[in-house]
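The values are calculated or read from the model by the stated rules, or taken from the named source; none is laboratory data. Since the structure is predicted, the reported quantities are computational estimates derived from the model, not experimental observations. Ideal geometry is used to build each Cβ from the backbone, glycine not excepted, and the neighbour counts take in all protein chains shown. These accessible areas exclude ligands, DNA and RNA; they are computed on the full protein's heavy atoms, side chains included. Shrake-Rupley method; radii C 1.70, N 1.55, O 1.52, S 1.80 Å.
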Amino acid sequence: MDESPLQVLTLPTAPYLDQRPGTSGLRKKVFVFLSKRNYLQNFVQSIYSSIDLRDRQGSTMVVGGDGRYFNQTAIEVIVQMAAANGVGRLVIGHHGIMSTPAVSCVIRKYKAIGGIVLTASHNPGGPNGDFGIKFNTANGGPAQEAVTNKIFQISRTIEEYAICPELRVNLATPGKQMFDLENKFKPFTVEIVDSVESYANMLRNIFDFAALKELLSGENHINIRLDAMHGVVGPYVKRILCEELGSPANSAINCVPLQDFGGQHPDPNLTYAADLVETMKSGQHDFGAAFDGDGDRNMILGKHGFFVNPSDSVAVIAANVFSIPYFQHTGVRGYARSMPTSAALDNVARATKIELYETPTGWKFFGNLMDAGRLSLCGEESFGTGADHIREKDGLWAVLAWLSILAARKQSVEDIMKDHWQKFGRNFFTRYDYEEVDLDTAVQMMEDLELMMLEKGFVGQRFAVGEKLYQVERADNFEYTDPVDGRISRNQGLRIILTDGSRVIYRLSGTGSTGATVRVYIDSYETDPNKIFQDPQVMLAPLVTIALKVSQLHERTGRSGPSVIT
Ligand code: VG1
Ligand code: CO
């Protein structure tokens, strides 16, 4: 501990008008944080100021990040500002690294008032990539809109921030560090913790580790391949899957977190995790998975690269929910999915008489339902799957959930999926992403589309594509009323629902950092046993044609096709 107490300074600053948190935190190009004076300080002060001083004083907060470029520098500033803002204790991952689900777990374990996660998730990193800041509240989940709106409002009028510029934290040494501050009775404490331990401990209480160990390293073990894509989840995979559950070291690849994710998009989908898909095609592995930069997303593959659509993944977990000991103990209170996610989960909910909630995109909407004891398992089409053990989606949890099902059913991923479709019917799903579209063009397109959809005569309109004939049954802009607190979230995506139940949905992404990303989601339901095994792109082609025609997407954006197809 230093001899003389550290100075607490209040320094002047000028606001920025663009610090509005999106679907999950504030995301900007790294150069914005580097070149705009106090850009980081302003936003971090806005977070601290959004918390009532009485709640902040002497409290515990958690800090972690996915290890991307600028992570460490940002944490040093966050620590200096936490001390100056009256926070009593910070719990920080070793080297400042901790996955998003682990931060959620640690916030709950330490009864912290919240946490800050430095990540832009699946967006590329490095000096030319993105940086991001997420704020999670005491339940361990992403802050609700009321909180992020408050943060945004503060950031627009901020005039000063508080900081202890002399405070030097050592992120490399586990254990406690204490700092005496001027005007403060109690020292400010920083605890550097093992990033994996608390999280691993939690998983041990959720899953049957003995059964998983048998599956991965017993006599009749299966072969798996896990791709951490140089994101934060590498050390978790190594410690839990390899060291503890006995999967061979070479079954986990790209496990060293890199500041630029090796120059790739740390995004687990068929486009950006193409290497894994390619390797799986050789047939040497029975199960494959990839994760995103901050470890909350997952992609599940079977032998020969058999792809499990995320909308199906959560439905399969629901249909086999009692393969997971956690649910045997807690029971199942409810299921939920985001609106654009296919209704595969609804089919399981109906068959098992369990409540199903349809929320807007973004994990924060699930947290309220979980806190109220109404939701146990949920998922998003965007490769997010999770449960009420924490308040974030959880990539590694999803992998262990699937492995638990494989262990219990002793069937391949493909057979489990095909059985599921035969029993429940199949919800064909595809998503087209158009990345980095001109912002004004995208906003104008959405406005025009909405006007057209609301015009008299749109409902009832018919579309003929080849032999298929579709008719519009309903068209709206999705709106959600939170069943717990009655809060209304508007403008959550334009929906065209056709008479056969098929849907075409348009949304602008809230996680990009450049221009706009237009997402088009398309799904349809099929029970005909002769059709359920067909290629989704073939099955959905007529609906894609309609989606593009109605929106004039290609003409308006000048694109000839999407950047990513899921
Ligand atoms: C996307 C996904 C959404 C997900 C969000 C955060 O948001 O669609 O389902 O919750 O990313 O995921 P948007 O607004 O771009 O569609 V993560 O792993 O990037 O924090
Ligand atoms: Co993520």
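Odds and ends about this structure:
- Subset tally (residues that are within 16 Å of ligand 2 (Cβ to nearest atom) and either assigned to a strand (DSSP E or B) or more than 24 Å from P124 (Cα to Cα) (or both)) for region 4-22: 1
- In the condition set (1) modelled with pLDDT of 95 or more; (2) among the polar types (S, T, N, Q); (3) assigned to a loop (DSSP other than H, G, I, E, B), N183 is compliant with all but (1).
- You will find that of P266, P310, the residue that is farther than 21 Å from M98 by Cβ, buried (at least 24 other Cβ atoms within 10 Å of the Cβ) and in contact (Cβ under 8 Å) with a residue 60 or more places away in the chain is P310 and no other.
- Filter result (on the phi < 0 side of the Ramachandran plot, touching a residue at least 60 places away in the same chain (Cβ under 8 Å) and either open to solvent by 10 Å² or more (accessible area, probe 1.4 Å) or outside any loop (DSSP other than H, G, I, E, B) (or both)) within region 219-234: I222, N223, I224, R225, L226, D227
- Residues in region 105-149 that are open to solvent by less than 10 Å² (accessible area, probe 1.4 Å), away from ligand 1 (no atom under 16 Å from the Cβ) and farther than 30 Å from R204 by Cα: G126 alone.
- Criterion: free of Cβ contacts under 8 Å to residues at least 60 places away in the same chain and surrounded by 13 or more Cβ atoms within 10 Å (Cβ to Cβ) - qualifying residue of E414, E467, E450: E450
This table checks each residue for (1) at pLDDT below 95; (2) within 16 Å of ligand 2 (Cβ to nearest atom); (3) not in a loop (DSSP other than H, G, I, E, B).
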residue	(1), (2), (3)
Y236	no, yes, yes
C242	no, no, yes
S247	no, no, no
V256	yes, no, no
D294	no, yes, no
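- Test set (1) over 18 Å from K150 (Cβ atoms); (2) modelled with pLDDT of 95 or more - I113 fails condition number: (1)
- Hey, L301 in contact with a strand residue (DSSP E or B) (Cβ under 8 Å, 6 or more places away or on another chain) and outside any loop (DSSP other than H, G, I, E, B) or not: yes
- Applying a threshold of 7 Å to beta carbon distances and a minimum spacing of six or more residues, or different chains, the list of pairs starting in region 326-343 at a residue that is farther than 28 Å from I505 by Cα and ending at one that is aliphatic (A, V, I, L, M) and part of a loop (DSSP other than H, G, I, E, B) reads V332/I354; R333/L375.
Conditions (1) on the phi > 0 side of the Ramachandran plot; (2) open to solvent by 40 Å² or more (accessible area, probe 1.4 Å); (3) without any contact (Cβ under 8 Å) to a residue 40 or more places away in the chain, marked per residue:
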{"site": "L11", "(1), (2), (3)": "no, yes, no"}
{"site": "F31", "(1), (2), (3)": "no, yes, no"}
{"site": "Q45", "(1), (2), (3)": "no, no, no"}
{"site": "S49", "(1), (2), (3)": "no, yes, no"}
{"site": "R54", "(1), (2), (3)": "no, yes, yes"}
{"site": "V63", "(1), (2), (3)": "no, no, no"}
{"site": "Y69", "(1), (2), (3)": "no, yes, no"}
{"site": "A74", "(1), (2), (3)": "no, no, no"}
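- Residue that is most open to solvent (accessible area, probe 1.4 Å), among those in region 290-307 that are closer than 28 Å to P257 by Cβ and more than 15 Å from ligand 1 (Cβ to nearest atom): F307
- The set of residues in region 87-96 being open to solvent by 10 Å² or more (accessible area, probe 1.4 Å) and either among the polar types (S, T, N, Q) or more than 13 Å from N170 (Cα to Cα) (or both) consists of G88, R89.
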